[in-house]
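Data block below; observations after.
The values are calculated or read from the model by the stated rules, or taken from the named source; none is laboratory data. Since the structure is predicted, the reported quantities are computational estimates derived from the model, not experimental observations. Neighbour counts run over all protein chains shown; Cβ positions are idealised from the backbone, glycine included.
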Amino acid sequence: MDILLIILGSIIIIVGIIGCFVPVVPGPPLSWLGILLLYFTDNNSISSSFLWWWLVIAIIVTALDYFIPIWGTKKFGGTKMGIRGSMVGLVIGLFFPPFGIIVGPFLGALAAELIHDAHDTSKALKSAFGSFIGFILGTGLKLGVSLTLTWYFVLDVIQRF
């Protein structure tokens, strides 16, 4: 049974890392779920307090990921149109991996801001840059949490053999 839980946990951890880049897949919670499966095996080195703390961290980072790009767009002078354009660009960018995921939010925010106010290219570029920075920060946070959980997962599995 332990081998099955380790294999399932490994698969879920990998999907969690992928989920850091794909907006509809919750990366950190999936990575945490992989650790949870490992917790149910014999001879693990994971404590229940470790699980609780990392669950809280995974939830917070996942929630922040929805607000950081909005914050970045607003911080750099974007409007609600720019925020919506950023989200649309992100969804469209999913069809053009791997660069579409990075460039999509930028181009979406830029296009939406230009549609909103075609005369202010400078403001539209600034808003698009804010969206891009927000996306990179959110992705970096999610990836950091998922990779940290992966590290603990791998260390625990290696200790068994």
- Message: Looking at the stretch 7-28 only, could you name the residues that are out of contact with any Cys (no Cβ under 8 Å at 6 or more places or on another chain) and either buried (at least 19 other Cβ atoms within 10 Å of the Cβ) or among the small types (Gly, Ala, Ser) (or both)?
- Response: 9, 10, 12, 13, 16, 17, 19, 20, 23, 26
- Query: Within the set of pairs 6 or more residues apart or between chains, which connect a residue that is of a type in the set (Lys, Arg) inside the stretch 123-147 to a residue that is surrounded by fewer than 24 Cβ atoms within 10 Å (Cβ to Cβ) and assigned to a helix (DSSP H, G or I) with Cβ atoms less than 7 Å apart?
  - Reply: 142/61; 142/65
- Note on the structure: Of the listed residues (129, 135), the one being under 27 Å from residue 34 (Cα atoms) and either in a helix (DSSP H, G or I) or at pLDDT below 95 (or both) is 135
- Message: Regarding the stretch 32-52, can at least one residue be identified that is hydroxyl-bearing (Ser, Thr, Tyr), assigned to a helix (DSSP H, G or I) and crowded, with 21+ Cβ neighbours inside 10 Å?
- Response: no
- Check whether at least one residue in the stretch 103-110 is of a type outside the set (A, V, I, L, M) and over 29 Å from residue 13 (Cβ atoms), and report yes or no. yes
- For the stretch 49-86, name all the residues that are under 16 Å from residue 16 (Cα atoms) and among the hydroxyl-bearing types (Ser, Thr, Tyr). 62
- Item | Close pairs from the stretch 18-29: first in contact (Cβ under 8 Å) with a residue 60 or more places away in the chain and within 14 Å of residue 104 (Cβ to Cβ), partner part of a loop (DSSP other than H, G, I, E, B) and not basic (Lys, Arg), Cβ under 7 Å, at least 6 apart | 22/94
- Task: State whether one or more residues within the stretch 64-81 are over 13 Å from the mean Cα position of the chain (by Cα), under 23 Å from residue 33 (Cα atoms), of a type in the set (Asp, Glu) and assigned to a helix (DSSP H, G or I).
- Result: no
